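Just so you know, all these numbers are worked out from the coordinates, no wet-lab data involved. Keep in mind the model is a prediction, meaning the values are calculated, not measured. Heads up, the Cβs are rebuilt from the backbone with ideal geometry, glycines too, and the neighbour counts pull from every protein chain shown.
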Amino acid sequence: MAVDSTWTPLEISPHDVGCEAEPRALIDYVRGEPDLTDLLAREKAVVFRGFQATPDALPGVLDELLPDRLAYVHGNSPRTKVGQNVYTSTEYPPEFTISMHNELSYGHAWPSRLLFFCETAPETGGATPVVDGERWLESLDADVRDAFAGGVRYTQNLHSGRGLGKSWQDTFETDDRDAIEGFLGDSEAEWEWRKDGSLRVIQRRPATTEHPITGTRVWFNQADQWHAAGLGSETAAALARVIPADELPQSVTFADGSPIPDTYVEQIRDRGLELAVDVDWHAGDVLLIDNVLVGHGRRPFTGKRRVLVAMSS
C-alpha cells in the first residue's frame, strides 16, 4: 500500500470552527467533538492555534483532551514536573536536535496521546517536528527493517543519586524499591540492584507495532536514541574511550544481544528527521498527537522556549 507523502497535522483555528479566539471556546469545541479518538486516528496530529490558551486555562483544556493523564514513570529524558502529571518538555540544551521518537516506546505500555502546550515561544527555531510512523518505517532500507524483525534489547543503568544520567528515584518518581520492583515485574523487565545502590533494567521489545484502531504498522522503538552512534561519531568515540557500552546510562542492542551497526542507527535517525513536518510554536498553541501513529522530536532554538507536555492512556 502506498504511503501518503503529503501528510501534515490538521490545524484548527477559531475561524475554522466559528468561535471566539479564547481558551473557553477551545474547551467547548473539544467537548462537542463527537469522537476525538476517531479524529486523532484519522488525522494523526492536530494543532489548535489561535485560541489564546494560557497556563491558567491549561487544566481545563487537559481535562477535555487528556481526561486520564499519566505520570512520566520510567521516562528516560530530563523533565520537571510542574502540575498534576504535567511536565516540561525535554530539557536538553537548546543547541541540540532531539531525534524522532514515540514516547515510552521502549516500555511495556505507552501513552496513546500526547499533548504539547506552548507557554513561551522561542526567539528562533524550536519547532516540534512530527513524523508519520508508517512513512518512517517504509523509508528504511529492507535490510534494516529485516534486521530489526526480532526486536531490540534496552539496558538502563540508573544511579542512586549521583552519576551520569537519571537516578532511579527520578525515573520512577519514588524511592520505594518494592514499588519499583512491582512496576518492573508487571513490565516483563529484568532488573538488578547493584552494590553501589544503582539499578540496572533490561527490556526486550518489538521494533514495530500496529495501531489498535487503524491496524497501521509503524516504526516504534528508540534504538537510535539509546545507541551511542545516535549522538554523532565524535561523541560516540569519546564515550567508548571512557565507559563500556553496557555501563552507559542507556544502551541498546538487537534482542539477541548482538550489536546494532552504527550505519543502521544513523539511517533511522536521519530519515525520521528528513520526513518530519515542523510544528512551529506560537504562545498559546496546543498540539495533540497520536503517540503510536506519530513520532516527535525538537529542533534547536534560541531564547526562552517553554513547552509543557502531558500524556494519557
Report, ordered by chain and residue number, the lysines lying within cross-link reach of Lys195, taken as a straight Cα distance under 29 Å and ignoring same-chain residues fewer than 8 apart.
-> Lys166
Using the number of other C-beta atoms within 10 angstrom as an exposure proxy, rank Met100, Met311 with the fewest first.
-> Met311, Met100
With 0.36 nm assigned to each residue of separation and the Cα-Cα distance removed, Ala245 to Asp143 gains 34.3 nm
By Cβ neighbour count within 10 Å, fewest first, Cys118, Cys19 rank Cys19, Cys118
Sequence ranges 126-137, 144-155, ranked by mean other-Cβ count within 10 angstrom, highest first | 126-137, 144-155
Rough spin-label spacing in nm, given labels placed 7 Å along Cα→Cβ, for Ala109 and Ser160 | 2.9
Assuming R0 = 35 Å, what is the FRET efficiency of Arg31 and Ser77, from their Cβ-Cβ distance, to the nearest 0.05?
-> 0.65
What does the charge count near Val218 come to, summing +1 for each Lys or Arg and -1 for each Asp or Glu among other residues with Cβ under 11 Å from its Cβ?
-> -2
Taking the inverse of the average 1/r across all pairs of different Cα atoms in segment 1-131, what Kirkwood radius in Å do you get?
-> 16.7
Using Rg/Rh (Cα atoms, Kirkwood Rh) as the read-out, say which of (i) 0.98; (ii) 1.15; (iii) 0.96 was calculated from these coordinates.
-> (iii)
Note the angle between two axes, namely the Cα long axis of helix 177-186 and the longest principal axis of the Cα atoms of the chain, as a number of degrees from 0 to 90, rounded to the nearest 10.
-> 80
Roughly what angle does helix 262-275 make with the longest principal axis of the chain, taking Cα atoms, 0 to 90 degrees, to the nearest 10?
-> 0
Please give the helix 233-242 orientation as an angle from the longest Cα principal axis of the chain, in degrees from 0 to 90, rounded to the nearest 10.
-> 40
Most exposed to least, judged by fewest other Cβ atoms within 10 Å, Ser89, Ser198, Ser187 sort to Ser187, Ser198, Ser89
What full-extension length gain, to one decimal in nm, is calculated for Thr174 and Ala283 as 0.36 nm per residue of separation minus the Cα-Cα distance?
-> 35.9 nm
Length-normalised contact order of the chain, Cα under 8 Å, at least 6 apart, in percent, tallies to 36
Label model pair Val17, Asp56: point-to-point distance (7 angstrom along the Cα→beta-carbon line) in nm is 2.1
Express in nm, to one decimal, how much length is gained between Thr120 and Glu181 on full extension, taking 0.36 nm for each residue of separation and deducting their alpha carbon distance.
-> 18.1 nm
Taking a ≥ b ≥ c as the square roots of the eigenvalues of the Cα gyration tensor of segment 137-270, is the shape rounded (a/c under 1.5), prolate (a/b larger than b/c) or oblate?
-> oblate
FRET E, pair Asp256, Thr6, Förster distance 45 Å, beta-carbon r, rounded to 0.05 = 0.70
